[in-house]
Every structure is written in C-alpha cells, then in structure tokens.
Amino acid sequence: MHGVKATIIDRLGNWLGGLAPRHLAYAGVAAVLAIAVQAASISSLLSNLPATGGYQTASGAQVTGATGTFVLIAFQPAVPQSTLTAYLAGNGFVIVDGPKPGGLYRVRVSETALQQTDLDNVLAKIKARNDIVSFASTSGSTP
C-alpha cells in the first residue's frame, strides 16, 4: 500500500514538474478559485440553517401564550399512546406542559377562557373517562 501511494505522489510530482511556469501558475490560480468556491458554498449552506437555540423536542411545536383554559391531568399508565393521542385530538385538547411531578400534564382544553360552569362540565367529561384519566383538576390560567 505504501508503494502505491508513493507511485501516485511520484506521478503527480512528475506531472507538475513537467508544466511550464505559466501553466503551473494557472493551475495554482484554478486550485485557489476552486477552494474559494467550496468555502463560499459551505458558508452559504451553514448560514441558512435555522437557529434552534440549543435543542428541540420531538413532541412537536410548543404551544406558547397563556390564553385559554387549562386543567391538570394524570393519565392511566397502561393506556397506549395512540389512544391518548386520539382522545386529546378528538376533544381538541393540547398538552402544553409536562409531565410534572406525579405524572401530571397541563392541558389546554379551550383556546378561550371558559366560564366556571363550562369548565366544570369539561372537567366532569374528562373525569368520566376513567379508563384514560386517573386524575383531573383545574389549573390556573397562567403557565
């Protein structure tokens, strides 16, 4: 293997040594231009990357803002993820925080502030699904 490398290097050296000084200068300029184009291309690609600020969760986009009505929910541990996803999506609920200690999730149940009677109805509906939910309670409107 060492002999093959030496042969290739020797061939390249012989080829460059056979060039006239003017041709050697053109080859050098062409090499510098090729390197500059590569550097510009790489810089352009790297500058177009989005700034993520460190890491991004795999769970999706973060729900920001404190608007809406929120509850704290603990789910039954044996419930499959597909069932939880269907339950949340079917009711228009969005997990905005969690899991917190005790397995609690902060869930937005409405994009608007609900009246207390409406909130009580939603909470009763959530608690009725004891096959999915093990605990549900009201949460403040602030994050």
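Taking first residues from segment 97-108 that are outside the structural domain of V79 (by TED's automatic domain parsing) and partners that are of a type in the set (V, I, T) and buried (at least 19 other Cβ atoms within 10 Å of the Cβ), no Cβ contact under 8 Å between residues at least 6 apart in sequence or on separate chains turns up. Kindly indicate whether any position in segment 72-79 is within 15 Å of T138 (Cα to Cα), out of contact with any Pro (no Cβ under 6 Å at 6 or more places or on another chain), free of Cβ contacts under 8 Å to residues at least 12 places away in the same chain and in a loop (DSSP other than H, G, I, E, B). Checked against the condition, which is being within 15 Å of T138 (Cα to Cα), out of contact with any Pro (no Cβ under 6 Å at 6 or more places or on another chain), free of Cβ contacts under 8 Å to residues at least 12 places away in the same chain and in a loop (DSSP other than H, G, I, E, B), segment 72-79 yields no hits at all. When each of L114, L119, L123 is tested for being in contact (Cβ under 8 Å) with a residue 12 or more places away in the chain and in a loop (DSSP other than H, G, I, E, B), the lone residue that passes is L114. Can you tell me which residue among T117, T85, T112 is in contact with a Gly (Cβ under 8 Å, 6 or more places away or on another chain) and polar (S, T, N, Q)? The conditions single out T112. Checking each residue in segment 85-112 for being among the small types (G, A, S) and surrounded by 12 or more Cβ atoms within 10 Å (Cβ to Cβ) picks out A86, G98, G103, S110.
The values are calculated or read from the model by the stated rules, or taken from the named source; none is laboratory data. Predicted model, so just to flag it, every value in this text is computed and none were measured. Cβ coordinates were reconstructed from backbone atoms using ideal geometry, including for glycine residues, and neighbour counts include every protein chain displayed.
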